[in-house]
Amino acid sequence: MKIQKYLQGIVPLIIFLCVSNSFSQGIELWDLPKAAKARIGKGKAYKVQFFPDGHRLAITTTIGVWIYDLRTDDLLDLLTGHSRPIKSLAFSPDGATFATACDDNTAWLWDANTGEHMLSFIGHRDDINEVSFSPDGKILATASDDNTVGLWDVNTGEWLASLQGHSDNVHSVSFSSDGTVIASGSYRVGKTLCFWEPRTQERINTITSDQDDIAHIHSVASSPNGSIFATGSWGKVSIWEGRTGKLLITCEVEDSTGEIWSVVFSPDGKTLATGIENSAILINDVSTGRLLKTIDTEEPITSLTYSPDGKTLISVSKEGAIKFWDVDTYKVKKTIDDFTFQVFSIAYAPDGSTFVTGNMSKISFWNPKTGEHQKTIAGHNGTVRSITFSAEGKILASAGSYSVRLWDVATDRLIGSFKGYTNLVKCVAFSPDGSMLAGGGQDNTIRIWETRSGEQYLIGQRLHTLAGHTDGVQYVTFSPDGKTLVSTGDDKTIRLWDVETGNLINTLVEHTRAVHTVIFSPDGNTFASASRDGKVCLWDFNTHELLNTFRGHTRNSISVDFSPDSNGLAFSNGDAIYICELSTGEYINTFTGHTTMINSVVYSPDGKTIASGGTDGSVLLWDLTKLVSDR
């Protein structure tokens, strides 16, 4: 058991007062996978639940369950063991245990006092999205993407029943507070809402999407009073009597609410809070359905929960911000904002002093030696899919939404934007001497601009618009001599362009699916491409001949990078990283630890570390010095 276990909240407080923000002592070391030396970021947050004592918070994420002390604002523990993202969590009625629902097709039972894994519930054929305890704590219900609701014996882990009636993925499940009914909701059309009798496992009633105009049910909540349930579907919040399946009230909502991600009753059962895609929380009167309050949240809300005393409402936004709302005033009392939706791109500064990550709409700067979060630049209206430093490291270019932007690294000042795209921009690259910038995107074109070094206004003329790809451009990179630009696209091709004339030199057709990344070796002799077909291809730059092909364990190779000495090749394949030695063509090692697909793999400038980031919202730093010494 780790020394930072949160039992009684006493030992952790002493430990946290003593630690510093370094890899040798900080939370960056908690539950690291083998060969990783640090984790940056806490993953994507899904759900939060108060411990029954109201003093601690459990946060389910892509990498585990974080335990948070509300009295000290300290993280107390990270519970790991599941191999995939943990979607939700529920406490047993007596508060002694809690259950987690995971994309690894299992649910787990944990000791709420020690954090020890007690039992696994194994039997579903697809992701488990939600769990719910019966009021007597003897049965656990699970909602799964295999279109079923599972019922389990909490003491033994035995599968008691598989409730079959949905025609699509079951996203939510809840016991009524009196234990007489189970309600389950499905995301898509068809048999969307089902009510079940727990004792006989018989279906009481089924509400179809065409019957009551409900679809896309993300959340089902039970009232603390009897057999009453609330559901959130596309633009609609409904309250039902579970034993009959009768619709009692359709709540008043704002126009065009879009997806409704979460509904939750207040502890007294008098009000209902709803989190919506249109960046708001709605508060409705349960008895009348009347809309009492609309809270502007600035971000889509994916999860809501009340504190046991009903004085605080916690929201989780799509981008990971966790906010604590005072129920009397509906003002924010506190925010936890260090959870990340997804890491799309990573770039090291040329001197290795910092590295940056591109997230949903933000660029984050990190210290690679300590893991300290240095600063955040927010300016893009959409996802930051690509970031790159200029050769001297003073300028950062980012691609997001419909533009490419330049930032002053020292001051965070926006220097300018390259516009003119008619669709999403996915990639950006500086020429080696910094005199040009290339960007490509979903409009199938690549634009090359002049950049004016040392001038107040850096953005020069557009030099070329390269048209040739027949589908979106995924990646662009300049050759080390700056004379050739190589691009990849969703059209399964790699294209080489003459930078001076803008003419197409060659089109390489080897991959069978979209090609996501292409990168030159530092010596300029070769380049490598990574594709959705699972292949990483090594090419001779002078002859354009295919030299070698590397594969992983899945059909998803997204990112590839060369070591600084040009002899090592690292590439991502699904949730794993493969390291190859190019002089021999041998696979040296495989790193695993991410729980979802890896988007970006980058060597540090000194070649001692590989940074990887992906859809689990975290960055792992892998120590290559130990790899060398162990060989």
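Details
- Carbon + sulfur, % of accessible area of the range 220-276 - ligands and nucleic acids excluded, 1.4 Å: 51 percent
- Every pair of different Cα atoms in the range 131-219 enters the Kirkwood calculation, which places the hydrodynamic radius at 12.8 Å.
- 1.4 Å probe accessible area per residue over the chain, in Å²: 39 Å²
- Cα extents of the range 43-165 along the three principal axes, largest first (Å): 45, 30, 22
- Under 5 Å, built H, 5+ apart or other chain: amide partners of N589: I579
- The mean of 1/r over all pairs of different alpha-carbon atoms in the range 563-631, once inverted, gives a Kirkwood hydrodynamic radius of 12.2 Å.
- As a calculated quantity, the FRET efficiency between W159 and E298 at R0 = 35 Å, using C-beta atoms, amounts to about 0.25.
- When both the range 151-185 and the range 524-588 are represented by their alpha-carbon centers, they are found 46 Å apart.
- For D309, net neighbour charge (Lys/Arg +1, Asp/Glu -1) across residues whose Cβ lies under 13 Å away: -3
- Portion, in percent, of the accessible area of the range 284-424 that falls on carbon or sulfur, probe 1.4 Å: 45 percent
- The calculated Kirkwood hydrodynamic radius for the chain is 26.0 Å, given to one decimal from all distinct C-alpha pairs.
- Within-12-Å neighbourhood charge of P52 [Cβ basis; K, R +1; D, E -1]: -2
- Normalised alpha carbon radius of gyration of the range 334-422 [divisor 2.2 N^0.38 Å]: 1.05
- Here the accessible area of the range 530-631 is 44 percent carbon and sulfur, with a 1.4 angstrom probe and all protein chains present.
- Placing a pseudo-label 7 Å from each Cα along the Cα-to-Cβ vector at R199 and D433 gives an inter-label distance of 8.5 nm.
- Neighbourhood charge, 12 Å Cβ-Cβ cut-off, centred on L485 and excluding it, Lys, Arg +1 and Asp, Glu -1: 0
The values are calculated or read from the model by the stated rules, or taken from the named source; none is laboratory data. Keep in mind that what you see is a predicted model, and the values were worked out from it rather than measured. So basically every Cβ, Gly included, is an ideal-geometry build from the backbone, and we count neighbours across all protein chains shown. All accessible areas refer to the heavy atoms of the entire protein, side chains included, with ligands and DNA or RNA removed. Shrake-Rupley method; radii C 1.70, N 1.55, O 1.52, S 1.80 Å.
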